[in-house]
Every structure is written in C-alpha cells, then in structure tokens.
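Read through the structure below, which is laid out as structure tokens, and then see the notes.
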Amino acid sequence: MLTSVGQWIMTTGLHIAMVVVFALVVTRAIRWAAERVSRRIADGDDREPTVRSETVKHRQAVAAATSSVAIGVLYVLVALDIANQLGLPIASLVAPAAVLGAALGFGAQRLVQDLLSGFFVISEKQYGFGDLVELTVSAGGTATGTVEAVTLRVTKLRTSEGEVYTVPNGMIAKSRNLSKDWASAVVDVPVPSTADINRVNDVLREVAVTAGNDEDLARLLLDEPQLMGVESIEVDTVNVRMVARTLPGKQFEVGRRLRALVVAALRREGIALAA
C-alpha cells in the first residue's frame, strides 16, 4: 500500500505539482511581460497618463486585456491536464458538461455580458489606461475616476480621493470620456446686472492674454482662452462665459487657475462679483 502511494507521488503527484508550479511561473511571466510591454509603449512619453496620446492609452489597455486572456487560457489547459493525470474520463464528461453548462448558462449570463462588453470597450477605443472617465452604471449612479486597469471583465477607476471603483463592464450603461484628445474648461463669471458689460469683457480679454503668457498655465492650454460673451441673464445677475481648450483631463486645473485670475483682475478694476 505504501509502495503504491509512494509510486503515485513520484509519478502522477510529481507531475501535477510541476504543472501547478509551471502555471504559477508562467502567470508571473505573463504579467511581467504585460507590464514591460505597457512601459515600452509609453517609452519616451514622460507626460502624465491622462494627457498621453489615445494610441498609447489604447495599446496599454489591449496589453492588459491580452495578458488576462492568456492567463485564463493557461489555467484551463492546466486544469485539463490535471484532470487527465487523475484519470478523470474527460471524453465521457462532455455530455454531462453540456447539460451542466446549459443549467449554469442562466447564471453565467452576467459573466458573458461582461466579457462581450469589455471586448467592445477595447475594440472601439471608448477609453484606455490613464483616461479620466465617468461611467453610468445600469443599476443607478455613476463612477468617476482615472482608468487604472481595463480587462475584458472589469474596469478599475481611481477617484481623486484615492478610492478605487471596480465596475463590471456588463453594467456600464454609458461612458463619458473626459480626457479624449482635448477638453474644455468653461468658466462662468457672475457679475451684477448693473455692471458695465463692455468693461467686464475688456477685463476678461486681458485675463485671457495673461493666461496665454503664463508659463505654467500655457503648457496646459491648446490655445488662448476665448471670451464667449453673455451666457445668461437673471434678475440681478449677468453670467459672462470664458472657454479654454486644454490638454485632456486638465480642464479642472485650468478652470481653477482661470477663476483665480478673473477674481484678482475684477477686484483690481473695482468690479464686484454678483452675490
């Protein structure tokens, strides 16, 4: 009895152990290769992930998805080999597996939906690694953050507070990419209805010129901010709008800096903002 057990351990058991170790090593190798490819794709582009080119973002997303698929295929092959070593009748399990698969099909609908949705997200280049996106979930609510990982099954977002959302791709009803190619910073300036609008416009034009000449702000702008004029009129307030085209994902930072310049310029000219 002990001899047969020892023989099994030295043959079948050793083979299974080696296969499991091989799978773990290959898994680490695949993940290392995917990270290396991702870094190689972004090689030479030292900018933040948000403002990198759409081609780089998409290729990094494809690399991540390909690695996850490769690992999944590897695990399936390892499971089949182990089952064969244990003497399980794989061929005779085809018919029961088909019945079991049909029974589990209803429960696996969500998984299949996630995989198909993830395939279309990547193939249609809806967003990629480093993009700032807002995802509307079919169950209700939204998730906004920077894309940290895209696989066929899930999308991971990190918010500005450092929290991480893991959203199954099949639950994404709508995606809004806030950093694709370029973005717009929209600044509405509320002034009292009694203010001289022509004077306000002159001040805002000076702010636009100042922003274009500011070294730190100019690197975030694609062109000089534009004065759009009066956007809306209320009982005691007039809203004047400025719009600036920015690098992808930088519209919020540009908007904050423009507002600071506008407030300082209006105060210097003695123009009060609306209450």
Legend entry - Selection count where residues are in a helix (DSSP H, G or I) and under 33 Å from the mean Cα position of the chain (by Cα), scope region 203-238: 8
Inset, instruction - Scan region 172-180 and give yes if some residue there is modelled with pLDDT of 85 or more, on the phi < 0 side of the Ramachandran plot and touching a helix residue (DSSP H, G or I) at 6+ places or on another chain (Cβ under 7 Å), otherwise no. - result: yes
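Could you tell me whether Val37 is over 19 Å from Ile122 (Cβ atoms), among the hydrophobic types (A, V, I, L, M, F, W, C) and at pLDDT 70 or above? I'd like the intermediate steps shown before the answer.
Working: over 19 Å from Ile122 (Cβ atoms): no; among the hydrophobic types (A, V, I, L, M, F, W, C): yes; at pLDDT 70 or above: yes.
Here the answer is no, as Val37 does not meet what is asked.
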Inset, instruction - Take region 238-268 and flag every residue that is aliphatic (A, V, I, L, M), crowded, with 20+ Cβ neighbours inside 10 Å and farther than 18 Å from Met228 by Cα. - result: Leu247
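Every residue, every condition in (1) of a type outside the set (Val, Ile, Thr); (2) more than 28 Å from Thr159 (Cα to Cα); (3) at pLDDT 85 or above, yes or no:
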| site | (1), (2), (3) |
| --- | --- |
| Val187 | no, no, yes |
| Leu221 | yes, no, yes |
| Glu231 | yes, yes, yes |
| Arg256 | yes, no, yes |
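The values are calculated or read from the model by the stated rules, or taken from the named source; none is laboratory data. No experiment lies behind these values; they were computed from the predicted model shown. Heads up, the Cβs are rebuilt from the backbone with ideal geometry, glycines too, and the neighbour counts pull from every protein chain shown.
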